[in-house]
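Handing you a structure now.
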Amino acid sequence: MPSASLKALPSMDELRPRTVTDQIFDVLYDRVVNLTLPPGSKLSESEVAAQMDVSRQPVRDAFYRLSQLGFIQIRPQRATTVTPISQEAVLQAYFIRSALEEQTIRHAATSLTAQNLADLDALLDRQEAAIKTDSFAEFHALDDQFHQDICKAAGLGFVWALVRDNKGHMDRVRYLSLSFGAEAAFSEHRTIIAALRARDPDAAALAVRDHLGHINDILDRLRLDRPEVLG
């Protein structure tokens with residue numbers, strides 16, 4: 001057990017300053033992932049710098065970070081563009097996320113408290129309300145919170161940090177599916193909680209595997225309905 005003095009120490013996230021580059025990266029990352037900047041969108045260093053009232057260097061650095069993650073393509077003397085959704089990158093992200101979350105949910109099934117489960121139930125009530133009002137962006141945020149809260153309640157908050165850093169390509173696909181997939185995702189969350197409440201690690205792991213595995217079905221649908229967004 002940590003001493004009383006150590007409990008008061010801040011986390012590294014609280015200590016780490018957010019640079020201008022970090023802030024520009026976060027804004028552009030969110031817009032690429034939620035498809036406010038859809039595949040094929042052109043990005044200009046000078047325009048971003050002017051709109052955000054910063055110099056071009058931090059914008060250039062943010063562009064480089066996005067390109068390293070596969071979200072934009074930088075071509076000298078040509079327009080920088082948002083990349084199509086890479087199906088390979090989506091499946092790689094799914095592999096990482098499912099492996100991490102299946103092990104986490106197994107631990108959660110034997111460690112979550114009654115209060116943890118009640119908090120998750122309350123969160124699902126908010127998800128249901130978001131679906132009823134077609135607030136799909138809000139549902140997406142609450143979906144993330146559901147998975148994050150399970151990690152934290154299980155004492156494995158670091159897992160969500162790893163998931164968050166690797167799930168961006170999956171999120172681009174998930175955003176496209178919200179109009180037709182939110183209700184199914186909500187139902188699957190109910191199944192996950194039922195397995196947690198039953199203290200059944202195998203059922204919980206299977207529920208998470210089925211929940212995340214729908215990414216393949218979504219890709220199949222996008223190949224038919226939205227082939228222009230896929231690479």
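The values are calculated or read from the model by the stated rules, or taken from the named source; none is laboratory data. Keep in mind that what you see is a predicted model, and the values were worked out from it rather than measured. Glycine also receives a Cβ, built like all others from the backbone with ideal geometry; neighbour counts cover every protein chain displayed. Ligands, DNA and RNA are excluded from the accessible area calculation, which covers all protein heavy atoms including side chains. Shrake-Rupley method; radii C 1.70, N 1.55, O 1.52, S 1.80 Å.
Using +1 at the Cβ of each Lys and Arg and -1 at the Cβ of each Asp and Glu in the range 16-167, identify which of P84, C151, A122 lies farthest towards the dipole's positive end.
It is P84.
What's log10 of I(q)/I(0) for the range 19-100 at q = 0.12 Å⁻¹, Debye sum over Cα points only, no solvent?
-0.36
Taking only C-alpha pairs under 8 Å that are 6+ residues apart, what is the relative contact order of the chain in percent?
Working: 240 pairs, mean separation 58.1, N = 231.
So the answer I get is 25 percent.
Still on this structure: Would you tally the net charge around R75, using a Cβ to Cβ cut-off of less than 15 Å, leaving R75 out, and scoring K and R as +1, D and E as -1?
Working: positive: K42, R60, R78; negative: E45.
Counting the neighbours of R75, the net charge comes to +2.
Still on this structure: Compare the Cα positions of L43, Y94, L212 along the charge dipole of the chain (+1 at Cβ of Lys, Arg; -1 at Cβ of Asp, Glu; about the Cα centre) and return the one farthest towards the positive end.
It is L43, whose Cα lies furthest towards the positive end.
May I ask you to give the percent of accessible area on the chain that is carbon plus sulfur, with a probe radius of 1.4 Å? Walk me through the intermediate numbers first.
Values: 6640 of 12520 Å².
It is 53 percent, rounded to a whole number.
Count charges around L120 for me, please; just the other residues with Cβ under 14 Å from its Cβ, Lys/Arg as +1, Asp/Glu as -1.
-4
Name the residue, out of R199, R126, R78, whose mean-square fluctuation peaks in a Gaussian network model built on the chain with Cα pairs under 10 Å.
Answer for the Gaussian network model of the chain: R78.
Taking the Cβ of R209 as the center, what net charge do the other residues with Cβ under 10 Å away carry, scoring Lys and Arg +1 and Asp and Glu -1? Kindly include the intermediate steps, with their values, before the conclusion.
On the way: positive: none; negative: E101, E102, D210.
Net charge in that neighbourhood comes out at -3.
If you don't mind, another one. Can you list the HN-Hα couplings for the range 91-97, worked out from phi with the Karplus curve (6.51, -1.76, 1.60; θ = phi - 60°), rounded to whole Hz and with x for Gly and Pro?
After applying 6.51 cos²θ - 1.76 cosθ + 1.60, I find 5, 5, 5, 4, 4, 5, 5 Hz.
Between the range 123-170 and the range 43-106, how many Å separate their Cα centres?
Each part reduced to its Cα centre gives a spacing of 21 Å.
Each residue of the range 173-185 in order: what ³J(HN,Hα) in whole Hz does its phi give by Karplus 6.51 cos²θ - 1.76 cosθ + 1.60, θ = phi - 60°, with x for Gly and Pro?
For the range 173-185, the Karplus-derived couplings read 6, 4, 4, 5, 8, 4, 5, 10, x, 5, 5, 5, 4 Hz, x marking Gly and Pro.
Using only alpha carbons, build the gyration tensor for the range 68-226 and give me the equivalent ellipsoid semi-axes, biggest first, whole Å. Working shown, then result.
Working: eigenvalues 172, 63, 40 Å².
One finds semi-axes of 29, 18, 14 Å for the range 68-226.
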